[in-house]
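Participant: Take this structure, written in structure tokens, and hold onto it; I'll ask about it next.
The values are calculated or read from the model by the stated rules, or taken from the named source; none is laboratory data. Every value quoted in this text rests on a predicted model; they were computed, and no experiment measured them. When we count neighbours, we look across all protein chains shown, and the Cβ atoms used for this are built from the backbone with ideal geometry, even at glycine.
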Amino acid sequence: MDFLELAKERYSVRKFTDKQVEQDKLDKILEAGNVAPTAVNFQPQKIYVLQSAQALEKARALCSCTYGAPTILLFAYDDDKDWDNPKQAGIHSGEQDVSIVATHIMLEAWNLGVASCWVNLFPNYEIAKAFGLPENEKVVLMMPLGYAAEDAKPIEKWHNFCKPIDETVKYL
């Protein structure tokens, strides 16, 4: 499948089976994130793989959008290691870098038949505290990961709905 087909086919899965992702697939999925570009190649991303019953329970207690996935990836960045724009105070790359990494992971997962959902409806600081993350690490998103339940389906109002390209792209 070419990339555009893959991108059009993928959707956010909101119902998972309890089947765990095989380690070889998980390794490939994580490698896709590892090769993702980051600003100045500083690679400030931190990815925590939540699979133990205790870790999943903590995540589910603070986020209602884990959808029964047997694995949840917790994405953060090291605020001491992301790139700071020297031409504009307060502009840095951490969230952008993590977003690029997470997108690579999400698409490689789909390519391997593994479903995911980008989630950021949770209290970031409470998640960081619950998992004992260092103060310099900023949580950006969680990504439930696993196999889609047989009756999982995309939410129609979003899936394959795109504004006309002339509304989102302007040539200057």
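Participant: Considering only residues that are surrounded by fewer than 22 Cβ atoms within 10 Å (Cβ to Cβ) and aliphatic (A, V, I, L, M), look in the range 75-109 and name the one that is nearest to ASP18 (Cα to Cα).
Facilitator: LEU107
Participant: Here's a follow-up. For the range 48-89, which positions are in contact with a Phe, Trp or Tyr (Cβ under 6 Å, 6 or more places away or on another chain) and either at pLDDT below 95 or β-branched (Val, Ile, Thr) (or both)?
Facilitator: Those that are in contact with a Phe, Trp or Tyr (Cβ under 6 Å, 6 or more places away or on another chain) and either at pLDDT below 95 or β-branched (Val, Ile, Thr) (or both): none in the range 48-89.
Participant: Shifting gears a bit: I want to confirm something. Restricting to the range 11-39 and keeping residues that are among the hydrophobic types (A, V, I, L, M, F, W, C) and within 16 Å of CYS117 (Cβ to Cβ), which single residue is surrounded by the most Cβ atoms within 10 Å (Cβ to Cβ)?
Facilitator: ILE29
Participant: Within the range 127-147, does at least one residue satisfy the condition of being over 18 Å from the mean Cα position of the chain (by Cα) and outside any loop (DSSP other than H, G, I, E, B)?
Facilitator: Scanning the range 127-147 turns up at least one residue that is over 18 Å from the mean Cα position of the chain (by Cα) and outside any loop (DSSP other than H, G, I, E, B).
Participant: Shifting gears a bit: Being over 22 Å from LYS153 (Cβ atoms) and either without any contact (Cβ under 8 Å) to a residue 12 or more places away in the chain or in a helix (DSSP H, G or I) (or both): is that true of LEU4 here?
Facilitator: So LEU4 fails the test.
Participant: Still on this structure: Residue under question is LEU172, and the condition is that it be surrounded by 13 or more Cβ atoms within 10 Å (Cβ to Cβ) and out of contact with any Gly (no Cβ under 6 Å at 6 or more places or on another chain); does it hold?
Facilitator: The answer is no for LEU172.
Participant: If you check every pair at least six apart or on different chains, which have Cβ atoms under 7 Å apart with a residue in the range 144-172 that is of a type in the set (D, E, K, R) first and a residue that is surrounded by 10 or more Cβ atoms within 10 Å (Cβ to Cβ) and at pLDDT 90 or above second?
Facilitator: Short answer, once both residue conditions are applied: ASP151/LYS15.
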